[in-house]
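What follows is a single structure, written as structure tokens, with notes after it.
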Amino acid sequence: MDRVIIRHMGELLTMDGVGPRDAFRALMDAAMVVEDGHVRWLGLDQDLPVEYDGLEVDVEGALVSPGLVDAHTHLLYAGDRSYEVRMRAEGRTYLEILQAGGGILSTVQKTRNASDDELLWETRKRLSRAFSAGTTTLEVKSGYDLTAKGELRLLKLIARLAQEGPWRVAATALGAHAVPPEFQGRPDDFLVYLASEYLPHLPGLAEVVDIFCEPGVFSVESSRAYLQAAKRHGLRVKLHIDELADGGGGTLAASLGADSADHCAFTTPESFGAMAEAGTVAVILPGTARYLNHGHMADARAMLAAGGWVAVGSDGNPGSSPTDSLSSLMPWAASWLRFTPEEVWTSVTRAGAEALRRPQSGRLAVGVPADFVVWDCDHYAFPTYYYGTNLVREVYVDGRRAAVNHSSVL
Ligand code: NIG
Ligand code: FE
């Protein structure tokens, strides 16, 4: 048997409470026993039962948390869109750039032209950066090919990267990410095409189907029909909603029993109420709202007040949120969403796992895989406060150390 004992954790966040308001749990001066990759015991260091002997790792008072869970990324793509910085400086909006054939569509051109190896190489680099910043479980969406065949290729590449690890990947099928040039001005025809050529091939490749439900892209009615078709294939559903305007996607998400509704920058308290009741997690992407600079931040407190789960995701993508680090957003979630340190931690661990329907992730409890982060600080408020620096010292998956950031080891 393979046993590792982590000792002298200044604070250990277990995040193992019940429900959105209560998930945050912390132990001081803690120890944790990992056997064959799973948590076997955790508690106060002074209570560590003597029968556990094995390799001891003394973290000397450091903060330890579950590996972060990023419930929303588009990290599989080719190229970058740094040229858009100048266009935005000249006053062009995200939707104007997209409607002029740029934005998502320019990444689509580059992704269609990229070989499997190029895409694997570029995406692997982003995944390993995300991992070194503390993300152990993350969603990766397809969505930058926009043909049935090409989107299936992207999902197969995501499956390959998932197998490589050490990260855990949840694959999402986002064929309905934008209207491709071949269907310009005919969004409904494109969705009919996807429903017949794409959705039937998804079982086994993706668990969840997503759509960009937004005024000017895919309407609420078209999104409903498309996601209902996905459900008939046994797939779960989620949506991008209200990223740029309130389009009523929140009530649609609730009525479909969606796993999550993401962005929610313009979502109303009534829609949040319906989502909370339906068990649809609100995945808030505060970096995107700020990056697009439209002056609107999701009213995450309304979702919390309604009793729902609120996850914070990176939305890592080449246009509206060029990053791969969820932990770098923690101070901004605190500041922009007016989250307490406890709410920030819940949003990047347990709530993310709830959004991805992965109950084994985002918490540390007896029996779950030992995925955890050792931080370069000794108390949990610090990573919700200190910005722009990777405070992650080490990342463990299945009880094995899989990343070390040497710069942070004093
Ligand atoms: O979540 N809104 C749609 N998709 C992404 C942006 C993708 C891109 O700009 O390349 C988002 O913001
Ligand atoms: Fe997104």
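The values are calculated or read from the model by the stated rules, or taken from the named source; none is laboratory data. Computed from a predicted model, the values in this text were never measured in an experiment. Cβ: placed from backbone, ideal geometry, glycine included. Neighbour counts: every protein chain shown.
Summary of computed values
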| quantity | calculated |
| --- | --- |
| Among the residues listed as Ala245, Ala254, the single one being more than 15 Å from Lys141 (Cβ to Cβ), surrounded by fewer than 23 Cβ atoms within 10 Å (Cβ to Cβ), of a type outside the set (S, T, N, Q) and within 16 Å of ligand 1 (Cβ to nearest atom) | Ala245 |
| Matching residues in segment 208-218 - criterion: being buried (at least 18 other Cβ atoms within 10 Å of the Cβ) and more than 12 Å from ligand 1 (Cβ to nearest atom) | Val208, Val209 |
| Filter result (among the basic types (Lys, Arg) and assigned to a loop (DSSP other than H, G, I, E, B)) within segment 14-69 | Arg21, Arg25 |
| Residue among Thr123, Thr107, Thr136 that alone is within 16 Å of ligand 1 (Cβ to nearest atom) and within 20 Å of the chain's Cα centre (by Cα) | Thr123 |
| Failed item in (1) within 15 Å of ligand 1 (Cβ to nearest atom); (2) assigned to a helix (DSSP H, G or I); (3) modelled with pLDDT of 95 or more; (4) of a type in the set (Asp, Glu), with Glu96 passing the rest | (3) |
| Total residues in segment 56-85, condition touching a residue at least 60 places away in the same chain (Cβ under 8 Å) and touching a Gly at 6+ places or on another chain (Cβ under 9 Å) | 20 |
| Test set (1) away from ligand 1 (no atom under 16 Å from the Cβ); (2) within 25 Å of Ala170 (Cα to Cα); (3) surrounded by fewer than 24 Cβ atoms within 10 Å (Cβ to Cβ) - Gly307 fails condition number | (2) |
| Selection count where residues are part of a loop (DSSP other than H, G, I, E, B), touching a Ser or Thr at 6+ places or on another chain (Cβ under 7 Å) and within 14 Å of ligand 2 (Cβ to nearest atom), scope segment 254-307 | 2 |
| Residues of segment 143-167 satisfying the condition of being surrounded by 17 or more Cβ atoms within 10 Å (Cβ to Cβ) and within 22 Å of Tyr396 (Cα to Cα) | Ile158, Leu161, Pro166, Trp167 |
| Sole residue being within 30 Å of Leu161 (Cβ to Cβ), more than 21 Å from the chain's Cα centre (by Cα) and among the polar types (S, T, N, Q), chosen from Ser65, Ser82 | Ser82 |
| Residue pairs meeting the criteria (Cβ under 6 Å; at least 6 apart or on separate chains; first assigned by TED's automatic domain parsing to the domain that holds Gly143, in segment 95-117; second among the acidic types (Asp, Glu) and buried (at least 20 other Cβ atoms within 10 Å of the Cβ)) | Thr111/Asp145; Arg112/Asp145 |
| Count of residues meeting criterion [assigned to a loop (DSSP other than H, G, I, E, B) and at pLDDT 95 or above] in segment 102-140 | 4 |
| Among (1) part of a loop (DSSP other than H, G, I, E, B); (2) at pLDDT 95 or above; (3) hydrophobic (A, V, I, L, M, F, W, C) - the single one Leu410 does not satisfy | (2) |
| Pairs with Cβ under 6 Å, 6+ apart, first in segment 303-326 and touching a residue at least 24 places away in the same chain (Cβ under 8 Å), second within 16 Å of ligand 2 (Cβ to nearest atom) and of a type in the set (Phe, Trp, Tyr) | Pro318/Tyr77; Ser320/Tyr291; Ser321/Tyr291 |
| Of residues in segment 53-82 being more than 16 Å from ligand 2 (Cβ to nearest atom) and of a type in the set (Asp, Glu), the one farthest from Thr172 (Cα to Cα) | Asp53 |
| Residue match in segment 220-242 (condition: away from ligand 2 (no atom under 16 Å from the Cβ), touching a residue at least 60 places away in the same chain (Cβ under 8 Å) and of a type in the set (A, V, I, L, M)) | yes |
| Hey, Ala26 at pLDDT 95 or above, crowded, with 23+ Cβ neighbours inside 10 Å and of a type outside the set (Phe, Trp, Tyr) or not | no |
| Unique residue being surrounded by fewer than 15 Cβ atoms within 10 Å (Cβ to Cβ), within 30 Å of Leu304 (Cα to Cα) and not assigned by TED's automatic domain parsing to the domain that holds Gly216 when the list is Gly10, Gly19, Gly61 | Gly19 |
| Residue within segment 186-199 that is at pLDDT 95 or above, over 18 Å from Ala355 (Cβ atoms) and under 23 Å from the mean Cα position of the chain (by Cα) present | yes |
| Complete set of residues in segment 148-178 that are outside any helix (DSSP H, G or I), more than 18 Å from Gly234 (Cα to Cα), within 18 Å of the chain's Cα centre (by Cα) and not charged (D, E, K, R) | Gly165, Pro166, Trp167, Val169, His177 |
| Residues being in a helix (DSSP H, G or I) and surrounded by fewer than 18 Cβ atoms within 10 Å (Cβ to Cβ) - total across segment 225-242 | 4 |
